[in-house]
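K.L.:
Quick one: this structure, given as structure tokens, is what I'll be asking you about.
The values are calculated or read from the model by the stated rules, or taken from the named source; none is laboratory data. Bear in mind that the values here come from a model prediction, so they are computed numbers and not experimental data. Note that we place each Cβ from the backbone using ideal geometry, even for glycine, and neighbour counts take in every protein chain shown. Ligands, DNA and RNA are excluded from the accessible area calculation, which covers all protein heavy atoms including side chains. Shrake-Rupley method; radii C 1.70, N 1.55, O 1.52, S 1.80 Å.
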Amino acid sequence: MPRDYKTLSLAEARKLVDTAIAHVEAQGLPAMAVVVVDRAGEVIASGRMDGLHPRYIKAAHRKAYTGAIFERSPIGMNDMWTRQEGEGHKGPSDWNDSMLTTIPGGLCILNDERGRPEVVGGIGVAGSDQPDEVAVAEAAVKALGEHFIFR
């Protein structure tokens with residue numbers, strides 16, 4: 001059955017999770033959780049390293065979801081929120097979606113093999129300092145190859 005839209009495959013999602021965890025281990029970082037979602041924000045693959053509290057998998061899911069749904073990283077959400085605040089919005093509660101977050105550690109994943117970037121999913125990482133989480137997510141996306149980019 002054909003897909004309604006282009007999204008990450010299970011193999012690509014597993015590679016993202018495996019690469020992220022390998023990067024954490026190679027860098028000697030604290031245990032982290034990784035969640036990969038399709039462009040609708042639904043989980044394709046995830047992993048939580050040993051000893052990490054279960055709440056981090058939920059945080060990673062929210063970060064990945066935000067990246068995919070809003071087609072930008074949670075850091076980009078902060079920029080959008082600042083602009084909206086100036087227009088009189090009351091905050092993220094105005095977005096009517098409790099899964100959205102402005103906490104860094106998530107990325108929107110795009111495939112640009114056709115010469116025009118197309119959103120195919122999101123990745124979220126949680127469990128450490130936010131700059132480390134972002135670096136882990138970026139390393140995972142880069143491992144997918146030259147046609148995959150993030151924002």
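K.L.:
So which of Arg83, Arg14 is under 27 Å from His147 (Cα atoms) and either assigned to a helix (DSSP H, G or I) or in contact with a Lys or Arg (Cβ under 6 Å, 6 or more places away or on another chain) (or both)? Give the steps one after another, and end with the answer.
P.N.:
Numbers: Arg83 fails: under 27 Å from His147 (Cα atoms).
One residue alone meets the criteria, Arg14.
K.L.:
For Asp18, which of the numbered conditions (1) open to solvent by 50 Å² or more (accessible area, probe 1.4 Å); (2) touching a residue at least 60 places away in the same chain (Cβ under 8 Å); (3) within 18 Å of Lys142 (Cα to Cα) fails to hold?
P.N.:
Result: Asp18 passes all but (2).
K.L.:
Right, here's the next one. With the requirement that a residue be hydrophobic (A, V, I, L, M, F, W, C) and either in a loop (DSSP other than H, G, I, E, B) or under 9 Å from Gly106 (Cβ atoms) (or both), what does the range 64-75 give you? Write out each step before concluding.
P.N.:
Filtering the range 64-75 for residues hydrophobic (A, V, I, L, M, F, W, C) gives 64, 68-70, 75.
Correct list: Ala64, Ala68, Phe70, Ile75.
K.L.:
For the range 111-122, check the following and say yes or no: at least one residue is in contact with a strand residue (DSSP E or B) (Cβ under 8 Å, 6 or more places away or on another chain), over 19 Å from Lys6 (Cα atoms) and without any contact (Cβ under 8 Å) to a residue 40 or more places away in the chain. Can you show your working first?
P.N.:
We begin by selecting, within the range 111-122, every residue in contact with a strand residue (DSSP E or B) (Cβ under 8 Å, 6 or more places away or on another chain); these are 111-112, 117-122.
Subset that is over 19 Å from Lys6 (Cα atoms): none.
The answer is no, given that none of the residues of the range 111-122 is in contact with a strand residue (DSSP E or B) (Cβ under 8 Å, 6 or more places away or on another chain), over 19 Å from Lys6 (Cα atoms) and without any contact (Cβ under 8 Å) to a residue 40 or more places away in the chain.
K.L.:
Being within 11 Å of the chain's Cα centre (by Cα) and crowded, with 20+ Cβ neighbours inside 10 Å is the filter here, so list the residues in the range 71-85 that pass it.
P.N.:
Result: Arg72, Ser73, Pro74.
K.L.:
Check the range 87-99 and report whether any residue there is touching a helix residue (DSSP H, G or I) at 6+ places or on another chain (Cβ under 6 Å), within 23 Å of Val17 (Cβ to Cβ) and open to solvent by less than 20 Å² (accessible area, probe 1.4 Å).
P.N.:
First pass over the range 87-99, keeping only residues touching a helix residue (DSSP H, G or I) at 6+ places or on another chain (Cβ under 6 Å): 99.
Within this subset, residues satisfying the condition of being within 23 Å of Val17 (Cβ to Cβ) are 99.
Now drop any that are not open to solvent by less than 20 Å² (accessible area, probe 1.4 Å), which leaves none.
Scanning the range 87-99, I find no residue that is touching a helix residue (DSSP H, G or I) at 6+ places or on another chain (Cβ under 6 Å), within 23 Å of Val17 (Cβ to Cβ) and open to solvent by less than 20 Å² (accessible area, probe 1.4 Å), so the answer is no.
K.L.:
For the range 45-63, does any single residue satisfy the condition of being modelled with pLDDT of 95 or more, out of contact with any Ser or Thr (no Cβ under 8 Å at 6 or more places or on another chain), closer than 12 Å to Leu107 by Cα and surrounded by 18 or more Cβ atoms within 10 Å (Cβ to Cβ)?
P.N.:
No, the range 45-63 has no match at all.
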